[in-house]
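In what follows, a structure is listed as structure tokens, so that the remarks can point back to it.
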Amino acid sequence: MPDDRQILWEPSAERAEASSMAGFMRWLEAERGLRFDDYHALWEWSVTDLEGFWTAIIAYFDLPVSGWSDVLPERKMPGADWFPGAETNWAAQILRHAEDKPGEEAIVCRSETFGRTSLTWGEFRDRVGSLQATLRDMGVVKGDRVVAILPNAQESLVACLAVIGMGAIWSLCAPDMGETAILDRFRQIEPKVLIAQDGYVHAGKRIDRSAVILDIAGKLPTVAHRIMLPVLNDLPAGWTAWEATQAAPQAPRIEMVPFSHPIWIVYSSGTTGNPKPIVHGHGGVMVEAAKQSLHQDVGPDDRFSWMTSSGWIMWNTQLGALSGGATVVIFDGAPNHPDMMVVWRMVAEERLSYFGAGAAFYMGCQKAGVRPGEELDLSALRSLGSTGSPLSQEGYDWIYAQVKRDVWLAPISGGTDLAGAFVLGHPMMPVRAGEMQCRALGNAVRAYDEEGRELTGEVGELVCTEPLPSMPLFFWGDEDGTRLHESYFDTYPGIWRHGDWIEITPEGGSIIYGRSDATINRRGLRLGSSEIYRAVEGLDEVMDSLVVDLEFLGRESFMVLFVVPKDGVTLDDALRERIRLAIRTSVSARFLPDEIVGMAEVPRTLSGKKLEVPVKKLLLGGDPEKVVNRDSMANPGSFDAYLAYAEARKASA
């Protein structure tokens, strides 16, 4: 085995046999008569006998799903109809733990704004019920959209469970997002109720968002009721106080809904148009979360935390841990304030058994030279997760050298689009440097070349060849399904193409190399380039622009914005600062470019599309003769300036 794929960790026999995955395999043998010699055989069964696998997940976890006539009448993508006739509600599964352990902690929040707070399972349940009573009084019924601008805190989890428990549809944006970005999302779905927090504390600074929130509320004409959690200002006129919604603790009313009833709307951006409003179903995300708990080995005895923004799909995965009965510990603050050890101190003090974060966080810790394993008691920590951008081999090495030698490191890669993971960990398998351990059960992940041939040991497009219950039901407002089809199925008909480069190793492991399309991925948060263009090209001084995010395994993430100034305008430091301010205000400071470069033209196709992917491939080292066909360009000479930039960047590296 090559040195760069050396085994860094292996589970003890005791740990492997005590894992959730081992328990599931024993159950399959005892209850279904199924025995598998290795994981690959188990995976092959799970992606071949879809009906058998997903009914096994429901039975093994005793999920509240009942009444189906068939599992999957037709295997097709898009349009798979899972468990027709069945009824469920994910809130019922999550809140059932309040009956088993009402006095135990369900949620702990470590917040710069509020300090340390916690809710027992009983308190969590009763607060959900109290908010539901308010929402019912406001006229919220099944199918209505309730949106929120809240941080990653206990209030956002309470609100989500109240909404989905009623059969209404939840949607959430992070409070640090720009006004335009939030409106581009919420306007599409016509919400009835808006819940917001007027500000927060970050890195020791008070961030007042009240003016922005009031402006957003005024620009959402369908919003009939507004609920505010005021932390920096007085309650605005016409708003209901959050505290008033929590005044009558009571058991919630759970509305059972069809398996594919919409649970929430999340957003993932393509390269054109508004953010994609992705609708998932109750049953799909519930069974996906249960399955993922096998891969993460998280159960009712765990204390789980994933450092996430409320605008990232990893916020939603916290519900998966709650669904399995784990205690969820939330971090709401700056991960580098007062220093890069603040998060690790939380890991130690809260006795976390599982901690996850974006790969950029671990690399930031490495660069800062912190050594959590030397300074803190991490004896409770058994497992570490990573996602967002690919975790480099150096990241693996730092974790095993400076965090803990005997820890299971299990990076995952998935997406907002399917509310789950394609490739992830396995608690009974070894960890190899730079690799994710396996393809997810039930997920027919392959690597394809451009002609649709399967690859092993080579980098190709990440595809999924069989339906998944958690795939999008539809995009809100996409009446004929055109946008859904164009997003995932136009490259390989009937097969999901995700937009990542992946290598499947001969042993069944995987390596993610970054985005294969033009979507921007900044530390795990994905954004369509169109949102950057809207902010930048809205400036009078800018004629045109092109942005690419150079994310590739083993290289520093680098986002470059090419700008075409208007005639007579110079791209000087003052204009660069106005461009950054426009992005910070309209989109988010998370998406500020690393470099802003002046160009005479943006290269375009004959049909007028910006050549984002060819420029990205060029800057990642692609052959200039192969990354683009100049005969298909409206302005072929424009590409020369980008070639010169690529050569200069390579020379200075």
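The values are calculated or read from the model by the stated rules, or taken from the named source; none is laboratory data. Bear in mind the structure is a predicted one, so any value in this text is a computation, not a measurement. All Cβ positions, even for glycine, are placed from backbone atoms using ideal geometry, and neighbour counts span all protein chains on display. Surface areas here come from the heavy atoms of the whole protein model, side chains and all, with no ligands, DNA or RNA. Shrake-Rupley method; radii C 1.70, N 1.55, O 1.52, S 1.80 Å.
Tabulated values for the structure
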quantity	calculated
Candidates GLY509, GLY524, GLY494, GLY514 - the one that is at pLDDT 90 or above and open to solvent by less than 30 Å² (accessible area, probe 1.4 Å)	GLY509
Members of region 232-249 that are of a type outside the set (Asp, Glu) and closer than 19 Å to ARG127 by Cα	THR240, ALA241, TRP242, ALA244, THR245, GLN246, ALA247, ALA248, PRO249
Restricting region 540-567 to residues that are over 30 Å from SER392 (Cα atoms) and modelled with pLDDT under 90, the residue that is farthest from the chain's Cα centre (by Cα)	ASP567
Filter result for HIS261 (open to solvent by 20 Å² or more (accessible area, probe 1.4 Å) and touching a helix residue (DSSP H, G or I) at 6+ places or on another chain (Cβ under 6 Å))	yes
Search result, residues across region 555-578 that are surrounded by 15 or more Cβ atoms within 10 Å (Cβ to Cβ) and in contact with a strand residue (DSSP E or B) (Cβ under 6 Å, 6 or more places away or on another chain)	PHE558, MET559, VAL560, LEU561, PHE562, VAL563, VAL564, LEU571, ARG576
Residue among SER413, SER392 that alone is in contact with a helix residue (DSSP H, G or I) (Cβ under 9 Å, 6 or more places away or on another chain), polar (S, T, N, Q), within 30 Å of TRP496 (Cα to Cα) and modelled with pLDDT under 95	SER392
Among (1) open to solvent by 30 Å² or more (accessible area, probe 1.4 Å); (2) within 17 Å of GLY320 (Cα to Cα) - the single one ASP137 does not satisfy	(2)
Where a residue in region 413-432 is touching a residue at least 24 places away in the same chain (Cβ under 8 Å) and of a type outside the set (A, V, I, L, M, F, W, C) and its partner, wherever it lies, is open to solvent by less than 10 Å² (accessible area, probe 1.4 Å) and assigned to a helix (DSSP H, G or I), with Cβ under 6 Å and at least six apart	GLY420/GLU288; GLY425/HIS295; PRO427/MET21
Residue that is nearest to LYS76 (Cα to Cα), among those in region 486-513 that are among the hydroxyl-bearing types (Ser, Thr, Tyr) and touching a Pro at 6+ places or on another chain (Cβ under 9 Å)	TYR488
Qualifying residue in region 102-116 (condition: in a helix (DSSP H, G or I) and among the hydrophobic types (A, V, I, L, M, F, W, C))	no
Qualifying residues in region 93-115 (those that are of a type in the set (D, E, K, R) and either in contact (Cβ under 8 Å) with a residue 12 or more places away in the chain or within 24 Å of PHE331 (Cβ to Cβ) (or both)) - the one surrounded by the fewest Cβ atoms within 10 Å (Cβ to Cβ)	ASP100
Lone unmet requirement of (1) free of Cβ contacts under 8 Å to residues at least 60 places away in the same chain; (2) under 18 Å from LYS276 (Cα atoms); (3) open to solvent by less than 40 Å² (accessible area, probe 1.4 Å) for PHE475	(1)
Answer residue from region 390-412, given it is open to solvent by 30 Å² or more (accessible area, probe 1.4 Å) and of a type in the set (S, T, N, Q) and is farthest from CYS438 (Cα to Cα) among those	GLN402
Some residue of region 6-26 being surrounded by fewer than 20 Cβ atoms within 10 Å (Cβ to Cβ), at pLDDT below 95 and out of contact with any Gly (no Cβ under 8 Å at 6 or more places or on another chain)	yes
Residues (hydrophobic (A, V, I, L, M, F, W, C) and touching a Pro at 6+ places or on another chain (Cβ under 6 Å)) located in region 11-56	MET21
Residue ranges of strands (runs of 3 or more DSSP E) in region 159-222 with at least 3 members over 22 Å from ALA419 (Cβ atoms), out of contact with any Lys or Arg (no Cβ under 7 Å at 6 or more places or on another chain) and open to solvent by 10 Å² or more (accessible area, probe 1.4 Å)	199-202, 205-208
From ALA589, ALA634, ALA600, ALA644, residue being without any contact (Cβ under 8 Å) to a residue 12 or more places away in the chain and of a type in the set (Gly, Ala, Ser)	ALA644
Selection count where residues are surrounded by 13 or more Cβ atoms within 10 Å (Cβ to Cβ), over 28 Å from the mean Cα position of the chain (by Cα) and over 23 Å from GLU87 (Cα atoms), scope region 27-70	5
Out of PRO78, PRO84, sole residue that is open to solvent by 10 Å² or more (accessible area, probe 1.4 Å) and in contact with a helix residue (DSSP H, G or I) (Cβ under 8 Å, 6 or more places away or on another chain)	PRO78
